[in-house]
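The values are calculated or read from the model by the stated rules, or taken from the named source; none is laboratory data. Quick caveat, the model's predicted, so the values are computed rather than measured. Cβ coordinates were reconstructed from backbone atoms using ideal geometry, including for glycine residues, and neighbour counts include every protein chain displayed.
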Amino acid sequence: MVKEALITRQQLDQALMRQIQFGGRIGTNLVELRFIEEKDLARFLSSYFKMRAAPFEITDSLPEDVVDSISKDIIDKYKILPFRKERNRLHTAMLNPKDLKEIDELRFVTGYDIIPYVITELRLLFALEKYYGIKRDIRYISLKDRFAPDAPVEETSIAKIKAAFTEVKETEDIAGIVINEAHKIAQRVALLAVKGANVTGWKARSLDVEGFTVAVKDSPIFSEVIRNRSNYRGPVLKIKGNEPLIGILSGNPTDTLVLPINIRDKTIALLYVDNGTDSVLNANVGFLSMLASMAAISFEILILKKRILDLNFPI
């Protein structure tokens, strides 16, 4: 991928570091870091393996006779996905379509002539849960957001939020809007300030962030969000650096979302949301991202107003 200029060496290094922390295939981490689109990854894998990529539409619907053509146990063991059947031929997506030994085994145990295709890890795991009920590991909890559209938010609600942001007078007003609106769709919400090299507690609902502070460089999640200025979605794992966050969360949530609030090329705050330690976050990520963007604009306007008021001109 580096050789073909799809990613840079620095992006690869970041993805490798993330892979060590969170697991998953390198391509999965590159997509999650937004260094490459999933379609471009699938295109590269097709070229690398010299195999066709499975069509993206397989996550939309599969014929019932195709789903039933192989038992769930075999699907789970080999991590494969049949998507088209032609008499005794079964077109099948797999992570390594060049594994001839595995393909021969599949031909033997299924009785079908297996026609292999390559597929991304993200799409395969989502499809296996959708069609076969094979639960994904908590590391891949955010797959629902990637392949299932968010529920729409009423235009009237968005209009009211926009109006509220235009009327703010202080940064505390902005923080209040963010916390109140986010708390409507998530059980636990926190706004964390990024001050220099540290992340500190600011405001929260159903969490106590008073006195919370952690160095950016010591937090795997916060450092990733701030470095890439992009969202983190996934579990809070029991790994080095997550201890301060685990402390205020009273455990290890399996599904969290951290969004940056950016002014130009600088992250000034982080919005954290979850539904508790044991629940999936069924929140509208698109809406929360929009909320963070509107907050960023409001913060910048207040900063510019203050600069204007602080200007002194000789009379």
How do the pairs read when you match residues in region 160-185 that are in a helix (DSSP H, G or I) with residues anywhere that are aromatic (F, W, Y), using Cβ under 8 Å and keeping only pairs 6 or more apart or on different chains?
T171/F299; I174/F165; I174/F299; A175/W202; I177/F165
When you scan region 38-84, how many residues do you find that are out of contact with any Ser or Thr (no Cβ under 7 Å at 6 or more places or on another chain), of a type outside the set (A, V, I, L, M, F, W, C) and under 10 Å from Y117 (Cβ atoms)?
3
Is it the case, given these coordinates, that V66 is assigned to a helix (DSSP H, G or I) and either more than 15 Å from E121 (Cα to Cα) or assigned by TED's automatic domain parsing to the domain that holds E224 (or both)?
yes
Do we have K77 as assigned by TED's automatic domain parsing to the domain that holds I134, touching a helix residue (DSSP H, G or I) at 6+ places or on another chain (Cβ under 6 Å), surrounded by fewer than 17 Cβ atoms within 10 Å (Cβ to Cβ) and within 26 Å of E38 (Cβ to Cβ) here?
no
Would you say G251 is under 25 Å from A186 (Cα atoms), in contact with a Pro (Cβ under 8 Å, 6 or more places away or on another chain) and at pLDDT 90 or above?
no
Can you tell me which residues in region 206-247 are under 18 Å from P260 (Cβ atoms) and either among the basic types (K, R) or in contact (Cβ under 8 Å) with a residue 60 or more places away in the chain (or both)?
K217, P220, E224, R227, N228, R229, S230, R233, G234
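Residues checked against (1) buried (at least 16 other Cβ atoms within 10 Å of the Cβ); (2) not in a loop (DSSP other than H, G, I, E, B); (3) not acidic (D, E):
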{"position": "E4", "(1), (2), (3)": "no, no, no"}
{"position": "G24", "(1), (2), (3)": "yes, no, yes"}
{"position": "T28", "(1), (2), (3)": "yes, yes, yes"}
{"position": "V31", "(1), (2), (3)": "yes, yes, yes"}
{"position": "R34", "(1), (2), (3)": "no, no, yes"}
{"position": "M51", "(1), (2), (3)": "yes, no, yes"}
{"position": "E57", "(1), (2), (3)": "no, yes, no"}
{"position": "L62", "(1), (2), (3)": "yes, no, yes"}
{"position": "P97", "(1), (2), (3)": "yes, no, yes"}
Among the residues in region 289-301, are any more than 18 Å from the chain's Cα centre (by Cα), of a type in the set (F, W, Y), closer than 23 Å to E224 by Cβ and surrounded by 17 or more Cβ atoms within 10 Å (Cβ to Cβ)?
yes
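Yes or no, residue by residue, for (1) in the same structural domain as I248 (by TED's automatic domain parsing); (2) free of Cβ contacts under 8 Å to residues at least 60 places away in the same chain; (3) within 17 Å of L191 (Cα to Cα):
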{"residue": "T267", "(1), (2), (3)": "yes, no, yes"}
{"residue": "G276", "(1), (2), (3)": "yes, no, yes"}
{"residue": "S279", "(1), (2), (3)": "yes, no, no"}
{"residue": "A292", "(1), (2), (3)": "yes, no, yes"}
{"residue": "S298", "(1), (2), (3)": "yes, no, yes"}
{"residue": "L302", "(1), (2), (3)": "yes, no, no"}
{"residue": "K305", "(1), (2), (3)": "yes, yes, no"}
If I ask for residues that are part of a helix (DSSP H, G or I) and not polar (S, T, N, Q), which ones from region 6-22 would you list?
R9, L12, D13, A15, L16, M17, R18, I20, F22
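The rows are residues; the columns are (1) more than 22 Å from E32 (Cβ to Cβ); (2) out of contact with any Cys (no Cβ under 9 Å at 6 or more places or on another chain); (3) crowded, with 18+ Cβ neighbours inside 10 Å; (4) not hydroxyl-bearing (S, T, Y).
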site: W202; (1), (2), (3), (4): yes, yes, yes, yes
site: R205; (1), (2), (3), (4): yes, yes, no, yes
site: K217; (1), (2), (3), (4): no, yes, no, yes
site: E224; (1), (2), (3), (4): no, yes, yes, yes
site: I239; (1), (2), (3), (4): no, yes, no, yes
site: P244; (1), (2), (3), (4): yes, yes, no, yes
site: L249; (1), (2), (3), (4): no, yes, yes, yes
site: N252; (1), (2), (3), (4): no, yes, no, yes
